[in-house]
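Shown next, in C-alpha coordinates, is the structure this report addresses.
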Amino acid sequence: MRMFLWLIALMSMLAACASVVPDQRPLLNREVVEVVRTRGDQTQSFAFTPMEKATAHLILMAGGRGTPEISSRGVDLGVRMVWGKHHFLIRERHQLAQHGFNIALLDGPSDHATDLRRGYRNSAEAVADVQRVIEALKAKADLPVWLVGMSRGTEMAAYVGKALDHRIAGVVLISSITEGDYQGKSVLEALDYDPIQQPVLVVHHLQDGCLKSQPEAIKPLVEILSHRGHSEVQWYDGGKADLDPPCEGRSKHGFFGIEESVIGGIGRFIRLNSSAAATSAP
(Lines give C-alpha, C1' and ligand atoms only; values in the text may rest on other atoms or scores of the structure.)
Protein backbone atom coordinates (compact mmCIF):
# COMPACT_ATOMS: atom_id res chain seq x y z
CA MET A 1 0.00 0.00 0.00
CA ARG A 2 2.81 2.36 0.90
CA MET A 3 4.52 1.62 -2.42
CA PHE A 4 1.24 2.27 -4.26
CA LEU A 5 0.81 5.67 -2.56
CA TRP A 6 4.44 6.54 -3.35
CA LEU A 7 3.88 5.73 -7.05
CA ILE A 8 0.72 7.85 -7.10
CA ALA A 9 2.64 10.78 -5.55
CA LEU A 10 5.49 10.35 -8.03
CA MET A 11 3.11 10.27 -11.00
CA SER A 12 1.34 13.40 -9.73
CA MET A 13 4.68 15.19 -9.37
CA LEU A 14 5.76 14.20 -12.89
CA ALA A 15 2.42 15.32 -14.30
CA ALA A 16 2.78 18.68 -12.56
CA CYS A 17 6.31 19.09 -13.93
CA ALA A 18 5.14 18.19 -17.44
CA SER A 19 2.48 20.89 -17.27
CA VAL A 20 5.07 23.63 -16.72
CA VAL A 21 7.85 22.42 -19.04
CA PRO A 22 6.59 24.41 -22.10
CA ASP A 23 6.52 27.61 -20.03
CA GLN A 24 10.05 27.03 -18.78
CA ARG A 25 11.56 26.57 -22.24
CA PRO A 26 14.50 29.03 -22.49
CA LEU A 27 13.71 32.10 -24.58
CA LEU A 28 16.71 31.32 -26.76
CA ASN A 29 15.01 28.07 -27.76
CA ARG A 30 11.58 29.64 -28.32
CA GLU A 31 13.01 32.09 -30.82
CA VAL A 32 12.30 31.25 -34.46
CA VAL A 33 13.07 32.76 -37.85
CA GLU A 34 10.05 34.24 -39.64
CA VAL A 35 10.10 35.32 -43.30
CA VAL A 36 7.49 37.46 -45.07
CA ARG A 37 7.26 38.40 -48.73
CA THR A 38 7.48 42.11 -49.50
CA ARG A 39 7.97 44.39 -52.52
CA GLY A 40 7.47 41.84 -55.26
CA ASP A 41 9.97 39.00 -54.95
CA GLN A 42 11.87 40.45 -51.98
CA THR A 43 11.64 38.92 -48.51
CA GLN A 44 12.00 40.29 -45.00
CA SER A 45 13.26 38.09 -42.15
CA PHE A 46 13.01 38.60 -38.41
CA ALA A 47 13.78 36.60 -35.27
CA PHE A 48 10.52 36.14 -33.38
CA THR A 49 10.34 35.43 -29.64
CA PRO A 50 6.75 34.75 -28.49
CA MET A 51 5.63 35.29 -24.90
CA GLU A 52 2.52 33.98 -23.20
CA LYS A 53 0.03 36.71 -22.32
CA ALA A 54 2.07 39.31 -24.21
CA THR A 55 0.76 42.87 -24.06
CA ALA A 56 2.50 44.23 -27.18
CA HIS A 57 4.64 43.37 -30.21
CA LEU A 58 8.06 45.08 -30.31
CA ILE A 59 9.92 45.44 -33.61
CA LEU A 60 13.61 45.93 -32.83
CA MET A 61 15.85 47.87 -35.23
CA ALA A 62 19.55 47.46 -34.51
CA GLY A 63 22.19 50.12 -35.13
CA GLY A 64 25.42 49.86 -37.08
CA ARG A 65 24.85 47.96 -40.30
CA GLY A 66 21.60 46.69 -38.76
CA THR A 67 21.71 43.21 -40.28
CA PRO A 68 22.37 40.35 -37.82
CA GLU A 69 22.02 37.84 -40.70
CA ILE A 70 19.65 35.54 -38.84
CA SER A 71 19.26 31.82 -39.56
CA SER A 72 17.62 28.91 -37.73
CA ARG A 73 19.57 26.41 -35.65
CA GLY A 74 16.71 23.89 -35.92
CA VAL A 75 13.46 23.10 -34.10
CA ASP A 76 13.60 24.35 -30.48
CA LEU A 77 17.27 25.30 -30.93
CA GLY A 78 16.80 29.01 -31.47
CA VAL A 79 18.58 31.17 -34.04
CA ARG A 80 22.16 32.00 -34.98
CA MET A 81 23.43 35.44 -35.92
CA VAL A 82 26.52 36.43 -37.87
CA TRP A 83 26.71 39.97 -36.50
CA GLY A 84 25.81 42.02 -33.43
CA LYS A 85 25.96 39.71 -30.42
CA HIS A 86 27.20 42.59 -28.20
CA HIS A 87 24.73 45.15 -29.61
CA PHE A 88 22.48 46.41 -26.79
CA LEU A 89 19.13 45.54 -28.41
CA ILE A 90 20.34 42.17 -29.65
CA ARG A 91 21.96 41.01 -26.42
CA GLU A 92 19.06 42.28 -24.26
CA ARG A 93 16.13 41.27 -26.49
CA HIS A 94 15.09 38.39 -24.26
CA GLN A 95 15.27 40.53 -21.13
CA LEU A 96 12.86 42.88 -22.89
CA ALA A 97 10.61 39.93 -23.79
CA GLN A 98 10.35 39.02 -20.11
CA HIS A 99 8.49 42.27 -19.50
CA GLY A 100 5.58 40.72 -21.41
CA PHE A 101 6.34 41.54 -25.05
CA ASN A 102 6.60 39.52 -28.24
CA ILE A 103 9.93 40.42 -29.83
CA ALA A 104 10.59 40.71 -33.57
CA LEU A 105 14.27 41.48 -34.22
CA LEU A 106 14.55 42.76 -37.78
CA ASP A 107 17.14 41.48 -40.19
CA GLY A 108 17.98 43.08 -43.53
CA PRO A 109 15.56 42.47 -46.41
CA SER A 110 16.78 40.20 -49.19
CA ASP A 111 17.97 43.13 -51.33
CA HIS A 112 19.82 44.78 -48.38
CA ALA A 113 20.96 41.61 -46.64
CA THR A 114 24.27 42.83 -45.22
CA ASP A 115 23.96 46.60 -44.67
CA LEU A 116 21.09 49.07 -44.10
CA ARG A 117 23.24 52.20 -44.15
CA ARG A 118 23.42 54.81 -46.92
CA GLY A 119 19.75 55.36 -47.58
CA TYR A 120 17.65 52.28 -46.88
CA ARG A 121 16.57 53.28 -43.36
CA ASN A 122 14.76 56.40 -44.60
CA SER A 123 13.24 54.92 -47.74
CA ALA A 124 9.85 53.82 -49.03
CA GLU A 125 11.29 50.30 -49.16
CA ALA A 126 11.89 50.30 -45.40
CA VAL A 127 8.33 51.50 -44.78
CA ALA A 128 6.91 48.74 -47.00
CA ASP A 129 9.04 46.04 -45.35
CA VAL A 130 8.12 47.05 -41.80
CA GLN A 131 4.45 47.29 -42.76
CA ARG A 132 4.57 43.65 -43.89
CA VAL A 133 6.16 42.65 -40.57
CA ILE A 134 3.42 44.52 -38.69
CA GLU A 135 0.79 42.65 -40.69
CA ALA A 136 2.47 39.33 -39.88
CA LEU A 137 2.60 40.14 -36.16
CA LYS A 138 -1.01 41.33 -36.10
CA ALA A 139 -2.03 38.04 -37.74
CA LYS A 140 -0.49 36.22 -34.76
CA ALA A 141 -2.16 38.42 -32.13
CA ASP A 142 -3.97 41.74 -32.39
CA LEU A 143 -1.71 43.63 -30.00
CA PRO A 144 -0.22 47.15 -30.04
CA VAL A 145 2.97 47.38 -32.14
CA TRP A 146 5.99 49.43 -31.08
CA LEU A 147 9.08 50.32 -33.09
CA VAL A 148 12.27 50.24 -31.00
CA GLY A 149 15.41 51.67 -32.59
CA MET A 150 18.95 51.77 -31.22
CA SER A 151 21.75 54.08 -32.42
CA ARG A 152 21.56 54.12 -36.25
CA GLY A 153 18.38 52.10 -35.89
CA THR A 154 16.74 55.24 -34.43
CA GLU A 155 16.84 56.79 -37.91
CA MET A 156 14.70 53.93 -39.23
CA ALA A 157 12.39 53.84 -36.21
CA ALA A 158 11.75 57.59 -36.53
CA TYR A 159 11.26 57.61 -40.32
CA VAL A 160 9.11 54.50 -40.51
CA GLY A 161 7.27 55.42 -37.32
CA LYS A 162 6.19 58.72 -38.79
CA ALA A 163 5.14 57.09 -42.09
CA LEU A 164 3.14 54.38 -40.28
CA ASP A 165 1.91 56.58 -37.43
CA HIS A 166 -1.61 55.18 -37.76
CA ARG A 167 -0.41 51.54 -37.62
CA ILE A 168 1.74 51.67 -34.48
CA ALA A 169 1.26 52.37 -30.77
CA GLY A 170 4.54 54.25 -30.30
CA VAL A 171 8.29 54.53 -30.84
CA VAL A 172 11.32 54.05 -28.58
CA LEU A 173 14.56 55.84 -29.56
CA ILE A 174 17.64 54.52 -27.72
CA SER A 175 21.00 56.34 -28.03
CA SER A 176 19.57 58.46 -30.83
CA ILE A 177 21.72 59.56 -33.75
CA THR A 178 22.00 63.34 -33.47
CA GLU A 179 24.21 64.08 -36.46
CA GLY A 180 23.66 62.82 -39.99
CA ASP A 181 26.41 61.87 -42.43
CA TYR A 182 26.94 59.79 -45.58
CA GLN A 183 25.78 56.68 -43.69
CA GLY A 184 22.37 58.05 -42.76
CA LYS A 185 20.25 60.86 -41.34
CA SER A 186 19.90 62.08 -37.79
CA VAL A 187 16.66 61.36 -35.95
CA LEU A 188 15.51 64.96 -36.42
CA GLU A 189 16.21 64.78 -40.16
CA ALA A 190 14.36 61.46 -40.36
CA LEU A 191 11.38 63.09 -38.61
CA ASP A 192 11.65 66.15 -40.89
CA TYR A 193 11.68 68.17 -37.64
CA ASP A 194 8.06 67.24 -37.00
CA PRO A 195 7.01 64.93 -34.13
CA ILE A 196 5.36 61.54 -34.42
CA GLN A 197 1.78 61.69 -33.18
CA GLN A 198 2.05 58.51 -31.11
CA PRO A 199 3.94 58.25 -27.78
CA VAL A 200 7.72 58.46 -28.07
CA LEU A 201 10.32 57.43 -25.50
CA VAL A 202 13.87 58.79 -25.78
CA VAL A 203 16.51 56.83 -23.84
CA HIS A 204 20.05 58.22 -23.52
CA HIS A 205 23.18 57.93 -21.36
CA LEU A 206 24.60 61.10 -19.85
CA GLN A 207 28.13 59.93 -20.66
CA ASP A 208 27.47 58.60 -24.17
CA GLY A 209 30.84 59.06 -25.87
CA CYS A 210 29.73 58.33 -29.43
CA LEU A 211 30.37 61.41 -31.60
CA LYS A 212 27.13 60.85 -33.54
CA SER A 213 25.05 60.49 -30.37
CA GLN A 214 26.17 63.32 -28.07
CA PRO A 215 23.95 63.87 -24.99
CA GLU A 216 23.91 67.67 -25.36
CA ALA A 217 22.64 67.32 -28.93
CA ILE A 218 19.49 65.54 -27.71
CA LYS A 219 17.98 68.86 -26.57
CA PRO A 220 16.38 69.85 -29.94
CA LEU A 221 14.73 66.42 -30.16
CA VAL A 222 13.44 66.77 -26.60
CA GLU A 223 12.05 70.23 -27.40
CA ILE A 224 10.10 68.91 -30.38
CA LEU A 225 8.74 65.98 -28.39
CA SER A 226 7.79 68.22 -25.46
CA HIS A 227 4.70 69.22 -27.44
CA ARG A 228 3.48 65.60 -27.25
CA GLY A 229 1.74 64.75 -23.98
CA HIS A 230 2.68 61.05 -23.96
CA SER A 231 6.37 61.45 -24.77
CA GLU A 232 9.17 61.02 -22.25
CA VAL A 233 12.96 61.24 -21.93
CA GLN A 234 14.84 58.79 -19.70
CA TRP A 235 18.42 59.73 -18.81
CA TYR A 236 20.81 57.16 -17.34
CA ASP A 237 24.18 57.41 -15.62
CA GLY A 238 26.95 55.08 -14.49
CA GLY A 239 27.64 51.51 -15.51
CA LYS A 240 30.78 49.44 -16.06
CA ALA A 241 34.00 50.58 -17.69
CA ASP A 242 33.78 50.44 -21.48
CA LEU A 243 35.09 47.28 -23.14
CA ASP A 244 34.35 48.50 -26.68
CA PRO A 245 34.88 51.74 -28.63
CA PRO A 246 32.45 54.59 -27.75
CA CYS A 247 29.85 53.78 -30.44
CA GLU A 248 29.79 50.02 -29.81
CA GLY A 249 27.62 47.85 -27.59
CA ARG A 250 29.72 47.33 -24.46
CA SER A 251 30.11 51.03 -23.73
CA LYS A 252 28.04 53.88 -22.28
CA HIS A 253 26.39 54.11 -25.71
CA GLY A 254 25.12 50.56 -25.09
CA PHE A 255 24.36 51.08 -21.36
CA PHE A 256 27.01 48.55 -20.39
CA GLY A 257 26.49 47.48 -16.77
CA ILE A 258 23.06 49.12 -16.26
CA GLU A 259 21.08 47.05 -18.74
CA GLU A 260 18.49 45.88 -16.22
CA SER A 261 17.53 49.43 -15.21
CA VAL A 262 17.29 50.60 -18.81
CA ILE A 263 15.22 47.62 -19.96
CA GLY A 264 12.96 48.08 -16.93
CA GLY A 265 12.35 51.74 -17.77
CA ILE A 266 11.56 50.93 -21.39
CA GLY A 267 9.21 48.14 -20.34
CA ARG A 268 7.28 50.36 -17.93
CA PHE A 269 6.81 53.10 -20.53
CA ILE A 270 5.56 50.67 -23.19
CA ARG A 271 3.17 48.87 -20.81
CA LEU A 272 1.72 52.14 -19.55
CA ASN A 273 1.18 53.62 -23.00
CA SER A 274 -0.01 50.36 -24.56
CA SER A 275 -2.69 50.18 -21.87
CA ALA A 276 -3.65 53.79 -22.54
CA ALA A 277 -3.89 53.09 -26.27
CA ALA A 278 -6.08 50.04 -25.67
CA THR A 279 -8.34 52.00 -23.31
CA SER A 280 -8.81 54.85 -25.81
CA ALA A 281 -9.33 52.57 -28.85
CA PRO A 282 -12.87 52.70 -30.31
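Pull up region 56-73, narrow it to residues that are modelled with pLDDT of 95 or more and in a loop (DSSP other than H, G, I, E, B), then point me to the one that is surrounded by the fewest Cβ atoms within 10 Å (Cβ to Cβ).
69
Restricting attention to region 74-83, and to residues there that are touching a Leu at 6+ places or on another chain (Cβ under 9 Å) and in a loop (DSSP other than H, G, I, E, B), which single residue is surrounded by the most Cβ atoms within 10 Å (Cβ to Cβ)?
In this case the residue turns out to be 78.
If you check residue 223 against the conditions, is it in a helix (DSSP H, G or I), acidic (Asp, Glu) and surrounded by fewer than 18 Cβ atoms within 10 Å (Cβ to Cβ)?
yes
Which of the numbered conditions does residue 145 fail, given that it passes all the others? Conditions: (1) surrounded by 24 or more Cβ atoms within 10 Å (Cβ to Cβ); (2) closer than 19 Å to residue 271 by Cα.
Every condition holds for residue 145 apart from (1).
Table: residues versus (1) in contact (Cβ under 8 Å) with a residue 40 or more places away in the chain; (2) surrounded by 20 or more Cβ atoms within 10 Å (Cβ to Cβ); (3) out of contact with any helix residue (DSSP H, G or I) (no Cβ under 9 Å at 6 or more places or on another chain); (4) within 18 Å of residue 59 (Cβ to Cβ).
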| site | (1), (2), (3), (4) |
| --- | --- |
| 170 | yes, yes, no, yes |
| 175 | yes, yes, no, yes |
| 178 | yes, yes, no, no |
| 185 | yes, yes, no, no |
| 192 | no, no, no, no |
| 203 | yes, yes, no, yes |
| 210 | yes, yes, no, no |
| 227 | no, no, yes, no |
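From the list 207, 197, 234, which one is part of a loop (DSSP other than H, G, I, E, B) and modelled with pLDDT of 95 or more?
207
Quick check on my filter: what residues within region 98-130 are assigned to a helix (DSSP H, G or I), among the polar types (S, T, N, Q) and crowded, with 17+ Cβ neighbours inside 10 Å?
Correct list: 122 only.
The values are calculated or read from the model by the stated rules, or taken from the named source; none is laboratory data. Since the model is a prediction, treat every value here as computed from it, not as a measurement. Please note: Cβ atoms are built from the backbone with ideal geometry, for glycine as well, and neighbour counts cover all protein chains shown.
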